[in-house]
Amino acid sequence: MGRIGGHSLLVVRLGEAYLRAGRLGEAEDAARQALVMAREKGERGHEAYALHLLGEVLAQRAPDDPGAAEATLRQASALAEELSMHPLLAHCHVSRARLERRAGRTTSARPLFEAGIAAFRELEMPFWLERAEAEVRSLA
């Protein structure tokens, strides 16, 4: 039938593995490919995941210039919120908080971390909750 549903999400997962392995070029390629695929297929949820991955990659590739990463993560947040993708939205909050912290803007980082923490707690995601709480403690 020629339909490859969900392929974009598999490419996102591949990109996440590249990101964890420090292979930023390949992670960015995968994120951009997944974004195109998701948009072509109208897979808006997968598009949100691809945007989050791309934002994470851009944050690591250009830590001194967070503008592109911030814009991409805002897009991911908006789409995740629209689609009620609460776990992804929590991750977006924390990703944006990290950007703010790196830029030295701890005042604006704290509410983003707190929003992510509240969501992780409500969603009963203890692994991510503990990591986010540790990051907030490092702000003090």
Qualifying residue in the stretch 12-22 (condition: of a type outside the set (A, V, I, L, M), touching a Leu at 6+ places or on another chain (Cβ under 6 Å) and more than 27 Å from Arg101 (Cα to Cα)): no
Restricting to the stretch 1-53, give me the number of residues that are under 20 Å from Val94 (Cα atoms) and basic (Lys, Arg). 2
Of the numbered conditions (1) under 26 Å from Arg32 (Cβ atoms); (2) surrounded by fewer than 21 Cβ atoms within 10 Å (Cβ to Cβ), Cys92 satisfies every one except a single condition; which is it? (2)
Report the residue count in the stretch 89-126 for those that are without any contact (Cβ under 8 Å) to a residue 24 or more places away in the chain and of a type in the set (Ser, Thr, Tyr). 2
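Each value in this text was obtained by applying a stated rule to the coordinates, not by laboratory testing. None of the values given here were measured: they were computed from a predicted structure. Don't worry about glycine lacking a Cβ; one is built from the backbone with ideal geometry, like all the others, and counts go over all protein chains shown.
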